[in-house]
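Participant: Shown below is the structure under consideration.
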Amino acid sequence: MKNRRWNRRFHRWSGLILIIPLSIACITGVLLNHSVDLGLKARHVTSPLILRPYGMTLKGEPIAYGMDGRTYAASWDGSLFHASRLIDSDSTLIGAVPLRDGFAIVTRQTIHYYGLDGELIEKLNPPEIPKPFEKAGRSSSLSLVLRSGDQFFISDPDLLGFTKTTTPPDVQWSEPVTPTLSEKSAWKTAFRGEGLPLDRVILDIHSGRILGPVGKWLWDIAAIGVLALSISGLILFFKNRKRNR
């Protein structure tokens, strides 16, 4: 009698605990079984709450640079943006300078030279300038000026070469600016792309991987619990049947 009472209590509480993961597994399993009919692969998830475990959201706040109050580039969580496009990763931005025939997006190690149409012309790494670059600006003749230590380097009109000078030229330096909400929204969209296919998200929910390594083990425990619940139910069934006879 004591064992039977414990078995019933275990069966009851196990069923209440496992009803949530079991229901999720059943619902997601039905959806995956009809993923083609429902067009789940063509739909995408863009919610930051869902994308965060996949590393598809930007952390912290962007550091934007520009001139005359306009934003030309930004560095955000290790990613570099120009206009509304992701152009590089793991770069530390120090300046964004509009020139006569384009834009110079300058990091500590590299110059990204863009045309007025927004297309990349060339990535420059001038050997004559010591690294890292510290500041970027524009001379009165619309040439790019870089500062490294106490030295200044002025480019030719096509950025094919730089001339060193120890005398600070007449320079308008690129300074940090405050980006607008629409600019930050555009950078977030450029970083995540279209988002994740809906069928991928449902599959990860079905397997528990949406919660990371811990979720996989939780779903394994739930599966073992369902097996234990089934066994305890069979034991109760046959014991009740034997008692009734």
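Participant: From 28, 57, which residue is hydroxyl-bearing (Ser, Thr, Tyr) and within 12 Å of the chain's Cα centre (by Cα)?
Facilitator: 57
Participant: Could I ask something else about it? Criterion first (more than 35 Å from the chain's Cα centre (by Cα) and hydroxyl-bearing (Ser, Thr, Tyr)) does residue 148 satisfy it?
Facilitator: Here the answer is no, as residue 148 does not meet what is asked.
Participant: Oh, and also: Looking at (1) closer than 30 Å to residue 29 by Cβ; (2) surrounded by 14 or more Cβ atoms within 10 Å (Cβ to Cβ); (3) not acidic (Asp, Glu), which is the one condition that is false for residue 212?
Facilitator: Every listed condition holds for residue 212 apart from (2).
Participant: Sticking with this one: Could you list, in sequence order, the residues of the stretch 51-78 that are closer than 17 Å to residue 89 by Cβ and out of contact with any Ser or Thr (no Cβ under 8 Å at 6 or more places or on another chain)?
Facilitator: 54, 55, 56, 57, 59, 60, 73, 74, 76, 77
Participant: In the stretch 35-47, how many residues are part of a helix (DSSP H, G or I) and either without any contact (Cβ under 8 Å) to a residue 40 or more places away in the chain or of a type in the set (A, V, I, L, M) (or both)?
Facilitator: Count: 5.
Participant: Let me ask another. Inside the stretch 112-129, can you point out the residues that are surrounded by 14 or more Cβ atoms within 10 Å (Cβ to Cβ) and in a loop (DSSP other than H, G, I, E, B)?
Facilitator: Hits for the stretch 112-129 are 126, 129.
Table: residues versus (1) at pLDDT 85 or above; (2) polar (S, T, N, Q).
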residue	(1), (2)
15	no, no
26	no, no
31	yes, no
49	no, no
60	yes, no
67	yes, no
71	yes, yes
81	yes, no
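Participant: From 170, 199, which residue is in contact (Cβ under 8 Å) with a residue 12 or more places away in the chain, assigned by TED's automatic domain parsing to the domain that holds residue 64 and over 29 Å from residue 62 (Cβ atoms)?
Facilitator: 170
Participant: Residue 140 versus (1) more than 13 Å from residue 94 (Cα to Cα); (2) touching a residue at least 40 places away in the same chain (Cβ under 8 Å): which is the lone unmet condition?
Facilitator: (2)
Participant: Can you give me the number of residues within the stretch 154-182 that are surrounded by 18 or more Cβ atoms within 10 Å (Cβ to Cβ) and in a helix (DSSP H, G or I)?
Facilitator: Of the residues in the stretch 154-182, 0 are surrounded by 18 or more Cβ atoms within 10 Å (Cβ to Cβ) and in a helix (DSSP H, G or I).
Participant: To continue, here is another question. In the stretch 123-159, how many residues are under 15 Å from residue 97 (Cα atoms) and of a type outside the set (Val, Ile, Thr)?
Facilitator: 22
Participant: Over 30 Å from residue 22 (Cα atoms) and in contact with a helix residue (DSSP H, G or I) (Cβ under 7 Å, 6 or more places away or on another chain), is that true of residue 192?
Facilitator: Yes: the conditions hold for residue 192.
Participant: Check residue 203 against each of (1) within 23 Å of residue 32 (Cβ to Cβ); (2) more than 31 Å from the chain's Cα centre (by Cα); (3) modelled with pLDDT of 80 or more; (4) of a type in the set (A, V, I, L, M, F, W, C) and name the one condition it does not meet.
Facilitator: So the condition that residue 203 fails would be (2).
The values are calculated or read from the model by the stated rules, or taken from the named source; none is laboratory data. Predicted model only: the values in this text are computed from it and were never measured. We place every Cβ from the backbone using ideal geometry, glycine too, and count neighbours over all the protein chains shown.
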